[in-house]
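Below is one structure, written out as structure tokens; comments come after it.
Every number here is computed from the coordinates shown, using simple stated rules; none is lab data. On a predicted model such as this, the values are computed, not experimentally measured, just so you know. Ideal geometry is used to build each Cβ from the backbone, glycine not excepted, and the neighbour counts take in all protein chains shown.
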Amino acid sequence: MPDAPRALISGITGQDGSYLAEFLLAKGYEVHGVVRRASLFNTGRIDHIYQDPHEPAPRLRLHYGDITDVSSLRRALAIARPREVYNLAAQSHVRVSFDLPISTAESIAMGTLNLLEAVRQHQQETGDQVRFYQASSSEQYGRVAETPQRETTPFRPRSPYACAKVMAHDLTVNYRDAYGLFACCGILFNHESPRRGETFVTRKITRAAGRIKLGLDREVFLGNLDAKRDWGFAGDYVRAMWLMLQQDQPGDYVVATGRSISVREFGQMVFAHLGLTFEDRVRFDARYLRPAEVETLQGDASKARTALGWQPTTSVEDLARLMGDADLELARREKTLRDAGHQMPAREGHDQQ
Ligand code: NAP
Ligand code: GDD
């Protein structure tokens with residue numbers, strides 16, 4: 001039997017990293033992931049696919065590393081000898097990037113350069129051919145120059161996060177042009193799931209709705225309800241990442257549903273699904289506004305549809321229902337524990353984001 005293809009994922013413990021690892025394992029890959037050392041376990045999203053390293057030939061292998069530490073990336077590449085590298089690691093919260101501009105830029109811009117350089121040198125030293133995926137973002141469009149946004153729409157970034165992503169994107173294109181690296185940028189519009197971090201707005205809303213339904217919370221504090229986003233399902237979007245690296249030629253692709261709705265409309269969908277009224281429960285808090293906002297994003301994924309044969313399977317209504325149901329179930333478990341007298345941990349970080 002031929003050797004299994006190998007992939008290395010930075011950011012494997014995040015939302016997308018976990019779906020991508022599942023997807024690649026199901027395709028028969030041996031998957032290697034870069035994991036940061038943390039004082040508490042940070043592998044909750046991949047625990048269900050974890051394989052004991054003492055087992056013979058585990059197909060999921062984790063390596064301590066950090067995208068800002070090039071030595072750790074070189075080590076992971078040397079062990080994994082991957083055919084494909086997916087660069088998903090980032091401080092990915094736009095609002096937080098205004099509070100942490102330097103470390104955000106380090107993880108995204110310098111981090112991407114670290115990985116590109118490590119891959120380039122690895123190829124030279126080993127003769128291996130590596131395909132590289134960069135997690136670019138619709139946030140790069142910022143104050144949008146046209147609607148819908150496509151691959152040719154200029155970037156006008158509005159946050160330290162987006163500025164750093166533009167630099168990482170340009171570096172990836174540069175390594176393709178200068179060194180012939182098979183490198184692709186996926187310009188992904190917002191994509192969500194029950195594994196979404198709890199301080200992104202969709203998950204903040206679905207968590208609140210589940211908890212309010214069961215009497216664990218009374219209200220939810222949000223910022224700009226008029227912002228519009230093109231929201232899809234993360235499970236669909238990791239398939240597009242993989243498809244980009246299976247083509248004959250590298251390229252950059254927008255990945256989006258083509259439909260945009262406001263934060264308010266998303267909230268109304270979720271609350272109505274759980275038999276609640278959004279307007280009765282939502283409160284405004286200015287601390288969730290951003291110093292510079294991206295008001296509206298809507299993608300045109302025609303190129304991905306035509307060239308990759310990719311299309312989304314999950315509408316935003318489906319997404320609101322599936323995330324609402326998952327967080328109602330989570331709230332049920334929390335209530336059971338609380339009713340049994342367990343002290344509930346404070347909900348992390350919500351006062352900031
Ligand atoms: P996420 O859930 O926040 O995951 C980010 C991942 O990056 C986590 O595994 C995190 O590790 C890791 N990370 C952060 N700093 C790191 C560092 N210094 N060294 C190594 N790893 C580090 O984000 P996501 O939603 O899965 O997004 C994945 C990527 O796609 C990100 O680059 C994001 O900017 C980009 N993107 C996301 C969307 C979206 O809508 N989700 C859209 C466009 C682009 P810990 O678990 O240890 O924190
Ligand atoms: N997080 C948050 N919290 N956002 C809020 C809130 C709130 O309480 N109230 C309103 N919003 C608005 C934000 O101002 C923004 O316009 C919108 O909801 C979406 O915010 P997020 O869910 O934080 O996502 P994002 O669009 O800023 O960034 C996400 O998508 C990008 C792709 O466009 C992240 O996943 C980025 O990493 C990703 O690149």
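Determine, for V96, V255, the number of other Cβ atoms within 10 Å of each Cβ, and report the residues in order from fewest to most.
The most exposed by this proxy come first: V96, V255.
Are any of the pairs K165/K228; K165/K204; K228/K303; K165/K303; K165/K335; K27/K228 more than 29 Å apart by Cα-Cα distance, and if so, which?
K165/K335; K27/K228
Once each part is reduced to its C-alpha centroid, what is the distance from the stretch 175-245 to the stretch 117-137 in angstrom?
What the calculation gives is 26 Å, centre to centre.
Per DSSP H run of at least 4 residues, take -39500 (n - 2.57); add these up for the chain, divide by its residues and hand me the 222 nm value, nearest 500 deg cm²/dmol.
Dividing the helical sum by the residues of the chain leaves -11500 deg cm²/dmol.
Would you please state the base-10 log of I(q)/I(0) at q = 0.06, 0.10, 0.14, 0.15 1/Å for the chain, with intensities from the Debye formula using one equal scatterer on every alpha carbon?
-0.22, -0.61, -1.21, -1.37
Looking at the square roots a ≥ b ≥ c of the eigenvalues of the Cα gyration tensor of the stretch 249-323, which shape do they give, rounded for a/c under 1.5, prolate if a/b is larger than b/c, or oblate?
Cα axes put the stretch 249-323 in the oblate bin.
So how do 335-345, 52-62 stack up, highest first, on mean other-Cβ count within 10 Å?
Going by the mean number of other Cβ atoms within 10 Å, highest first, we get 52-62, 335-345.
Could you tell me which of rounded, prolate or oblate describes the stretch 41-100, using a ≥ b ≥ c as the square roots of the eigenvalues of the alpha-carbon gyration tensor, with rounded for a/c under 1.5 and, failing that, prolate when a/b is larger than b/c and oblate otherwise?
Because a/c hits 1.5 or more and a/b fails to exceed b/c, the stretch 41-100 counts as oblate.
Step through the residues of the stretch 259-273 one at a time and calculate ³J(HN,Hα) from phi using the Karplus curve (6.51 cos²θ - 1.76 cosθ + 1.60, θ = phi - 60°), rounding each to whole Hz and writing x for Gly and Pro.
10, 10, 9, 7, 4, 4, 4, 5, x, 4, 4, 5, 5, 4, 4
Placing one identical point scatterer on every Cα of the stretch 220-353 and ignoring solvent, what is log10 I(q)/I(0) from the Debye formula at q = 0.21, 0.22 Å⁻¹?
-1.28, -1.32
Would you kindly state the longest site-free stretch of the chain, with sites defined as chymotrypsin sites (Phe, Trp or Tyr not before Pro) in a DSSP loop (not H, G, I, E, B) surrounded by at most 16 other Cβ atoms within 10 Å?
51-353
Taking a cut-off of 14 Å between Cα atoms, list the aspartates and glutamates near K213, but don't count ones fewer than 8 places away on the same chain.
D280, D325, D327, E329, E334
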